[in-house]
Structures are given as structure tokens and as C-alpha cells.
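Student: Structure in C-alpha cells, see below.
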């Protein structure tokens, strides 16, 4: 049975809207909401009455988030640099070191590229490259403020970090309040306790219990999605080579996990993870279509050698990636990527 927005016991319009909001809610806001619910006097009463219980989320591990206070822009144009664990930007940041990268590139607008270069032991050209990367990709996450009315997010919400241990990708979550435990709700005691309350109190207690149930479903589903990503894209995560990603669609993943496609889309559309090489990237990088992967490879070739004509691009795509593209496909790819003739950006 698919997990959808309308399930037994919560199929009201209000319940659907509440669950939809929780699915899209950034982790920071979910963490705040968890603390608010657990501080509610009704929560303590329901625990004491045996309605609500805690169980440790034994699968969860925890990690510290890098680049605190900063997030990846949802409009980021630096996706290729983020997901290439073997790329020039990642190697350059590793040379500079995390502390100096944060000090001189994220938290410092006063130094010139020459000053940054001298402080970090790199060339002025390399300092300029890192500064341009930061300008394209990062924005201060604290500029994002919670709102009763959802607005388009400016940054992705970082859920977890991925490390590699013994050749396998491992998850470490950033928000302990969310991931340290599961809620258990005793259906029999729930019915007994609610029946003994005044109508107004019963409605309030029932609403709290429904929200706890929604939070637990959100957590369980997101965990299953992340585990599926790690399993499917393990070669990419271990190697740092984006070409080793396997094509995966949201439709095929929703079928595999028996989750409604709309639930899956809401859950992952605004969230990110830290990749093993230290940069955060949106969860969408784990569900690349075949066409999206092909476009990425084509763009890399076209921009890497702007002098290549269509015929040479066809030959290189065939030799390097085993793909036979028609002239029509080459023209279409150029159009979709905004590339002019011979790899140049269209005006």
C-alpha cells in the first residue's frame, strides 16, 4: 500500500495540508516544532497516561554540519562543481582547508583576491575561482525565516552528511532532536484517554497525537529514501565521479518504496545532504534521468573544449560514453544548454 497524503485516521483536508507542510518543512523548523510539541503540557499528560512512548531510532547516527549559517542556493548554477568529488573546486578547497575557506571566502567580504590568495597559499586566479564559486552557490541560511505562508525557499535544507567507511557510504544526521527517537502511540490507551477528556481537551490532545504521527511518518519515509539513494548511488559517493551515478527517476523510486510520487517530491525537493568530499548538494542529484546525465556529459565536453564542432562532439560522446548522437540531438542539446556554435555560450 502506498503512503499518501490521505491515510486512515487522517484523511481530512486539514490533515492532508498539515502532512504536506511537514513534508516540505526545512529540518531546522521541524526541530523547533518537535521541541514545541514535547514542551506542550498535553504531551507530558499523554506520556504519563501511557498513550505516548519513546523508542530510540537505533539506525540513526549523527554528524556536525560544515559551513554553519550558510546554505546552498536553490537557484545554484554550481551544481557540476558540487557533485564532482574529483573536480578542481573540491581539490582547491581541500588545499585551502575548511577553516581558511570559511574564514576568507564565506565570512570575509573585505579581502581582495590577492589578499585571500596570500593568506591561503594559492594563486590570485585560484582565489578568484573560489570567490566566484561561493557567489554562485552559497547564501546565508539565516536570511531564511519561518513563515506561516510557505514561500519559495532560497536555500536547500541540509538533512545529513554522508561519509565513506570501509568502502560504504554512511549517513550522519545533523538534527538530533528529530532523529534520536521514534514516537509510539498506544491505540487502546489513546481511545480510553480521549474518551475521558472534555470535548475541547480531547480535540487538542487528538491534534497533538496526529502531528506526532505525521512527524514519525515523515522521518521514517525520509530515512528510507536516503537509504535507497545510498544503495543506488554508492559507486558515485565512494568515487566522487558524477558519471558513476545510475539513472533513477522519482517514479521508479516511489514504486520501489511504495510511496506516493507527490509525497516523495514534496519530501526531497527542498533538501540537501553533505557529500563525502565536504560540499552540500540537493537530493535531486541522486535521481538523474538518462537525459540529464547525457546533457551533463555533453556540456562538460562542449565547454571544456569550445573549439569542438558538432562532428567532433559526436565522436567524443561515442568514444568516451558509448553514445551515438544524431546531428539533430547535438543541435537540441546545444539549444537546451544555451550553447552557441563550437561550445560557446549563446548570447
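Student: Is there any pair with a first residue in the stretch 37-49 that is touching a residue at least 24 places away in the same chain (Cβ under 8 Å) and a second that is outside any helix (DSSP H, G or I) whose Cβ atoms are under 8 Å apart and which are 6 or more apart or on different chains, and what are they?
Tutor: Listed by first residue and then by second, the contacts come to 43/52; 46/52.
Student: Within the stretch 239-249, can one find any residue that is part of a helix (DSSP H, G or I) and either over 25 Å from residue 167 (Cα atoms) or under 18 Å from the mean Cα position of the chain (by Cα) (or both)? Walk me through how you get there before you give the answer.
Tutor: Let us first name the residues in the stretch 239-249 that are part of a helix (DSSP H, G or I), namely 239, 242-244.
Next, from what is left, pick out any that are either over 25 Å from residue 167 (Cα atoms) or under 18 Å from the mean Cα position of the chain (by Cα) (or both): 242.
Looking for residues that are part of a helix (DSSP H, G or I) and either over 25 Å from residue 167 (Cα atoms) or under 18 Å from the mean Cα position of the chain (by Cα) (or both), one finds at least one in the stretch 239-249, hence yes.
Student: Shifting gears a bit: Here is a list: 213, 166, 206, 186. Which entry is surrounded by fewer than 17 Cβ atoms within 10 Å (Cβ to Cβ) and touching a strand residue (DSSP E or B) at 6+ places or on another chain (Cβ under 8 Å)?
Tutor: Values: 213 fails: surrounded by fewer than 17 Cβ atoms within 10 Å (Cβ to Cβ); 166 fails: touching a strand residue (DSSP E or B) at 6+ places or on another chain (Cβ under 8 Å); 206 fails: touching a strand residue (DSSP E or B) at 6+ places or on another chain (Cβ under 8 Å).
Exactly one of 213, 166, 206, 186 is surrounded by fewer than 17 Cβ atoms within 10 Å (Cβ to Cβ) and touching a strand residue (DSSP E or B) at 6+ places or on another chain (Cβ under 8 Å), namely 186.
Student: Go through the stretch 30-43 and give me each residue that's closer than 12 Å to residue 175 by Cβ and in contact with a strand residue (DSSP E or B) (Cβ under 8 Å, 6 or more places away or on another chain).
Tutor: none
Student: Looking for something in contact (Cβ under 8 Å) with a residue 12 or more places away in the chain and closer than 30 Å to residue 101 by Cα - is there at least one such residue anywhere in the stretch 50-59? I'd like the intermediate steps shown before the answer.
Tutor: Initially, the stretch 50-59 is screened for residues in contact (Cβ under 8 Å) with a residue 12 or more places away in the chain, giving 50-57, 59.
In the following step, the residues that additionally are closer than 30 Å to residue 101 by Cα were identified as none.
No - not one qualifying residue is present in the stretch 50-59.
Student: Considering every residue within the stretch 237-244, establish whether at least one is out of contact with any strand residue (DSSP E or B) (no Cβ under 8 Å at 6 or more places or on another chain), crowded, with 17+ Cβ neighbours inside 10 Å and closer than 28 Å to residue 332 by Cα. First the steps, then the outcome.
Tutor: Going through the stretch 237-244, the residues out of contact with any strand residue (DSSP E or B) (no Cβ under 8 Å at 6 or more places or on another chain) turn out to be 239-244.
Then keep just the ones that are crowded, with 17+ Cβ neighbours inside 10 Å; that gives 240, 242.
Remaining after also requiring closer than 28 Å to residue 332 by Cα: 242.
Yes, the stretch 237-244 contains a residue that is out of contact with any strand residue (DSSP E or B) (no Cβ under 8 Å at 6 or more places or on another chain), crowded, with 17+ Cβ neighbours inside 10 Å and closer than 28 Å to residue 332 by Cα.
Student: Collect the residues in the stretch 62-74 that are in contact with a helix residue (DSSP H, G or I) (Cβ under 9 Å, 6 or more places away or on another chain), assigned to a loop (DSSP other than H, G, I, E, B) and surrounded by fewer than 17 Cβ atoms within 10 Å (Cβ to Cβ), keeping them in residue-number order. Please lay out each step first, then the result.
Tutor: Taking the stretch 62-74 as the starting set, the residues that turn out to be in contact with a helix residue (DSSP H, G or I) (Cβ under 9 Å, 6 or more places away or on another chain) are 62, 66-73.
Restricting the remaining residues to those that are assigned to a loop (DSSP other than H, G, I, E, B) gives 66-69.
Passing the criteria: 66, 68, 69.
Student: Can you tell me which residue among 90, 51 is crowded, with 17+ Cβ neighbours inside 10 Å and closer than 30 Å to residue 337 by Cα?
Tutor: Values: 51 fails: closer than 30 Å to residue 337 by Cα.
Of 90, 51, the one residue that is crowded, with 17+ Cβ neighbours inside 10 Å and closer than 30 Å to residue 337 by Cα is 90.
Student: Being within 23 Å of residue 233 (Cα to Cα) and either assigned to a helix (DSSP H, G or I) or in contact with a strand residue (DSSP E or B) (Cβ under 8 Å, 6 or more places away or on another chain) (or both) is true for just one of 46, 82. Which residue is that? Spell out how you get there, then give the answer.
Tutor: Working: 46 fails: within 23 Å of residue 233 (Cα to Cα).
Only one candidate passes the filter, namely 82.
Student: If only one of 114, 102 is in a helix (DSSP H, G or I), more than 30 Å from residue 218 (Cα to Cα), at pLDDT 90 or above and in contact with a strand residue (DSSP E or B) (Cβ under 9 Å, 6 or more places away or on another chain), which one is it?
Tutor: Details: 114 fails: in contact with a strand residue (DSSP E or B) (Cβ under 9 Å, 6 or more places away or on another chain).
Residue meeting the stated conditions: 102.
Student: I would also like to ask the following. Working carefully through the options 335, 291, find the one that is within 26 Å of residue 253 (Cα to Cα) and part of a helix (DSSP H, G or I). Reasoning before the result, please.
Tutor: Working: 335 fails: within 26 Å of residue 253 (Cα to Cα).
Criteria check complete, one pass: 291.
Student: Another one. For the stretch 136-152, how many residues are within 27 Å of residue 35 (Cβ to Cβ) and either assigned to a strand (DSSP E or B) or modelled with pLDDT of 90 or more (or both)? If you could, list the steps in order and put the result at the bottom.
Tutor: To start, the set of residues in the stretch 136-152 that are within 27 Å of residue 35 (Cβ to Cβ) comprises 139-152.
Next cut, either assigned to a strand (DSSP E or B) or modelled with pLDDT of 90 or more (or both) only: 139-140.
Counting residues in the stretch 136-152 that are within 27 Å of residue 35 (Cβ to Cβ) and either assigned to a strand (DSSP E or B) or modelled with pLDDT of 90 or more (or both) gives 2.
Student: Scan the stretch 322-339 for residues that are touching a residue at least 40 places away in the same chain (Cβ under 8 Å) and either under 21 Å from residue 244 (Cα atoms) or over 27 Å from the mean Cα position of the chain (by Cα) (or both) and jot them down. Full working, then the answer.
Tutor: Our first condition is that a residue be touching a residue at least 40 places away in the same chain (Cβ under 8 Å); within the stretch 322-339, this holds for 336-337, 339.
339 - this is the single residue of the stretch 322-339 that is touching a residue at least 40 places away in the same chain (Cβ under 8 Å) and either under 21 Å from residue 244 (Cα atoms) or over 27 Å from the mean Cα position of the chain (by Cα) (or both).
Student: Find the residue count for the stretch 294-318, including only residues that are in a loop (DSSP other than H, G, I, E, B) and touching a residue at least 60 places away in the same chain (Cβ under 8 Å). Full working, then the answer.
Tutor: Start the filter on the stretch 294-318 by keeping residues that are in a loop (DSSP other than H, G, I, E, B), which leaves 305-309.
If we keep only those that are touching a residue at least 60 places away in the same chain (Cβ under 8 Å) as well, we get none.
The qualifying residues number 0.
Student: Go through (1) surrounded by fewer than 18 Cβ atoms within 10 Å (Cβ to Cβ); (2) more than 20 Å from the chain's Cα centre (by Cα); (3) under 23 Å from residue 157 (Cα atoms) one by one and return the number of the condition residue 130 breaks.
Tutor: Going through (1) surrounded by fewer than 18 Cβ atoms within 10 Å (Cβ to Cβ); (2) more than 20 Å from the chain's Cα centre (by Cα); (3) under 23 Å from residue 157 (Cα atoms) one by one, residue 130 breaks only (1).
The values are calculated or read from the model by the stated rules, or taken from the named source; none is laboratory data. Just so we're clear, the structure is a prediction, and the values are computed from it rather than from any experiment. Heads up, the Cβs are rebuilt from the backbone with ideal geometry, glycines too, and the neighbour counts pull from every protein chain shown.
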